[in-house]
Structure formats: C-alpha cells, structure tokens
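Accompanying notes for the structure given below.
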Amino acid sequence: MFVALERPINLQDGYRGTFQVQRRHLLLIVVDQQPILMENRCPHQGAPLHAGTLEQGMLRCARYGVALDLANGRPVNAPCPPLQRLTLTCDGDRIGLDL
C-alpha cells in the first residue's frame, strides 16, 4: 500500500516535514536536493530529530548533540545504532512510501 507524503515540487533544499504513518513518527528532509525519509527519533536516546540542525551532510540532535551522517545514517560522535532510514517511492505526482 502506497502512503503519499508530499509532492516532489515542494521538496527543495531545507525542506522538513513530519508525518505519522501507522504510529511511526517520520521526518522527511531534503539535503543537496535529495529527499531523505527517516524515523523522527535520535537513535541515541529517542529525542525527536525535526528540531535538529543540518550542517555539511550531518543532522545534529537538538537535545543531546549527537551528529548523524545522512549519507549512511551512522552516528559520528556517540556509541549508538545507526539512524533508521526508509525508502521513498514516487506514485504519480506524490512521493511517499510503500508499506
């Protein structure tokens, strides 16, 4: 089942959108014109990531300062699991995910 999240025309660098899909809190961001869909929780202590800062391909958790490499999801300054990323798909004029 396809769940539409956004229109591709709205996905410009700096975009951030939060969504809830089947009780999962998700964050969609665009970095270097690439949309990235992830769990909206830091793998370090579970803090929401939507208020984090983006800098040089890294998303820094606003609560604890954990830096996550968006290219691979791995934390660079904390011993914790990698970021949970999800695969985006397109269906007509919508981008979303297949469940």
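Taken over segment 6-26, the residue count meeting the criterion of being aliphatic (A, V, I, L, M) and either touching a Lys or Arg at 6+ places or on another chain (Cβ under 7 Å) or surrounded by fewer than 18 Cβ atoms within 10 Å (Cβ to Cβ) (or both) is 2. Of all residue pairs spaced 6 or more apart or on separate chains, those with beta-carbon atoms under 6 Å, a first member in segment 28-53 that is more than 18 Å from V76 (Cβ to Cβ) and a second member that is of a type in the set (S, T, N, Q) and buried (at least 16 other Cβ atoms within 10 Å of the Cβ) are P48/N40; H50/N40.
Taken together, the values in this text are just the output of simple stated rules run on the coordinates, not laboratory data. Values in this document were obtained by computation on a predicted structure and should not be read as measured data. As a convention, Cβ positions derive from the backbone with ideal geometry for all residues, glycine included, and neighbour counts pool all protein chains shown.
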